[in-house]
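Down below is the structure, laid out as structure tokens.
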Amino acid sequence: MGCKEPAETAFRVSTDASSRAGLVALGDGVVTGNEAGTVVRLDRTGRVIWRVALGREVATRPALAGDSLIVGTVAGDLVRLGLADGKERWRLSGEPPVLTPPVVDEAGTWVYLVAPDGAVRAHAVETGKVRWRSPAPPRAREAVPDTPRGLPAPVLAEGLLLVARGEAGLAALSVEDGTPAWRYDARDVVGMEPWRDTVYVGTRSGRVIALGVKDGKPLWEQSPTASLTGPPSLALGTLWVGAQQADSPLLVGLAPADGKEVARLPLPDPLVTEVASIREDMLLVPTRGREGRLVALRQPGWERVFSLRTDTPLRTPPVVMGDQVFVLGLDGRVLSWRLRPPEP
């Protein structure tokens, strides 16, 4: 007896160079960058809308700012591109390498950058002018942390910019002028996830910590395994982390309210990024192995529904638009599938 495949390929498009940058979700497609310094915008069919060469590697995800994109390079260039046509609106040079994703405020007015040494600066989106700078903390590492993507992405919440600064811990800065609001001793942070008035912090040493955004006070802390391989992410009412137990990669689910473990699932390869949800009951888990599996799990039992093989490591989060899924492979290919309608 034959049965339908759960997903059909929508497209596979190469950006012509390896990429760790991740995908920016747009209403009608995605944008990414690659190691050759190219920024590419694709529509939902995989058609290239525009392609721009910046000259140096784009190592991290651009930031969407209204009708434009803010893109950084490893050479320290910061560039604003028009979203519609990719045309350059301004460019700053001579800044630190952009290895951490920039973040833009909700109004699209200010963009915040974290340097490899933990220094932070705010630029006006419209002009690129610097609003304020916060120097690197005394205990910041001189070298880039042990990841080619630099420090974790900062988080904007409650008028504060939350920044993980390596050995210097976690700091909350005022978005207005960079004044420190609080600090918490969480070192080697692999990522943060904000939700309401709480931020969830994961560390490489296996700690998952819930902090109050406004004051940095700990709400709970758990250590589900000896090490975490990926940042925390919220999906389908659960806080998920990629973890490692001995030589076994795991997906661990925690209750956001108190951190109690609610799921522990084996994975074919490590999860090093965030998960995503689709159809209100299905979890998408990208894995880093050479086969590049995108694993779909369905609640309430989290049984495996299907596993899509990409033959390239998946190191950045999937993008979901309705029943269509987009992933970026380490080899620079953007791959997309459409989930078939569920059988009656």
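Here's the picture: charge each Lys and Arg Cβ at +1 and each Asp and Glu Cβ at -1 in the chain, and of T127, L156, G108 the one pushed furthest to the positive end of that dipole is T127. Counting residues in the chain as N, plug N into 2.2 N^0.38 Å and put the Cα Rg over that result. Taking N as the residue count of the chain, the ratio is 0.96. Using the Karplus relation 6.51 cos²θ - 1.76 cosθ + 1.60 with θ = phi - 60°, the per-residue 3J(HN,Hα) values for segment 12-21 come to 9, 10, 8, 8, 6, 6, 4, 8, 10, 6 Hz, with x marking Gly and Pro. Evaluated over the chain, the count of Lys pairs having alpha-carbon atoms less than 29 Å apart is 4 (only pairs 8 or more residues apart or interchain). About its Cα centre, the chain has a charge dipole of approximately 400 debye under the convention of +1 per Lys or Arg Cβ and -1 per Asp or Glu Cβ, with nothing else charged. Among the trypsin sites (Lys or Arg not before Pro) found in segment 9-63, those both in a DSSP coil and sparsely packed, with 13 or fewer other Cβ atoms within 10 Å of their Cβ, are R47.
Return the FRET efficiency for the residue pair T198, A107: r is the Cβ-Cβ distance, R0 is 22 Å, and the value is rounded to the nearest 0.05. That gives a FRET efficiency of 0.45.
Centre-to-centre separation between the Cα atoms of segment 76-100 and those of segment 175-229: 29 Å. The chymotrypsin sites (Phe, Trp or Tyr not before Pro) found in segment 263-344 include none that occupy coil by DSSP while having at most 14 further C-beta atoms within 10 Å.
Just so you know, all these numbers are worked out from the coordinates, no wet-lab data involved. These numbers were taken from a predicted model, which means no experiment stands behind them. No Cβ is skipped: glycine too gets one built from the backbone with ideal geometry, and neighbour counts run over all protein chains shown.
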